[in-house]
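Below is one structure, written out as structure tokens, with a few remarks after it.
Just so you know, all these numbers are worked out from the coordinates, no wet-lab data involved. Because the structure is a prediction, the values reported are computed rather than measured. Quick reminder, even Gly has a Cβ in these numbers, built from the backbone with ideal geometry, and neighbours come from all protein chains shown.
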Amino acid sequence: MSTLKFKTSINCANCVRAVTPFLDAEASVEKWSVDTNSPEKILTVEGANPIPELIMKSVSQAGFDIEPA
């Protein structure tokens, strides 16, 4: 299992709810979480072979900023 980390603008429970359908729909993602207490709002993604570009696209489509951590 691979783990990827991203800096995001996902900063509250409502933001997490908004991005959930986008990340859950991404086939390469098995598990994900956002540390909203971190100043950089780190999104951690786990999967067999997560594809960074697709994860970044999914989060962007949900309306949030994202960049590799």
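Tabulate in residue order the Karplus-calculated ³J(HN,Hα) for segment 60-69, using 6.51 cos²θ - 1.76 cosθ + 1.60 with θ = phi - 60°, rounded to whole Hz; enter x for Gly and Pro.
5, 5, 7, x, 10, 7, 8, 8, x, 8
When the Karplus curve 6.51 cos²θ - 1.76 cosθ + 1.60 is applied with θ = phi - 60°, which whole-Hz ³J(HN,Hα) does each residue of segment 28-44 get, with x for Gly and Pro?
Result, ordered by residue: 7, 9, 9, 8, 8, 7, 10, 8, 6, 7, 6, x, 9, 6, 6, 8, 10 Hz.
How high is the relative contact order of segment 2-68, given as a whole-number percent (alpha carbon pairs under 8 Å, six or more residues apart)?
In percent, rounded to a whole number, it is 46.
Which value in deg cm²/dmol, rounded to the nearest 500, describes the helix-derived mean residue ellipticity at 222 nm for the chain, given -39,500 (n - 2.57) per DSSP H run of n ≥ 4 and division by the residue count?
Estimated from H runs of four or more residues: -9500 deg cm²/dmol.
What is the sum of charges around F6, taking Lys and Arg as +1, Asp and Glu as -1, for the other residues whose C-beta is under 14 Å from the C-beta of F6?
Summing Lys/Arg as +1 and Asp/Glu as -1 gives -3.
For the chain, report the translational diffusion coefficient in µm²/s to the nearest whole number, using Stokes-Einstein at 10 °C, 1.306 mPa s, and a Kirkwood Rh over Cα pairs.
Answer from the Stokes-Einstein relation: 138 µm²/s.
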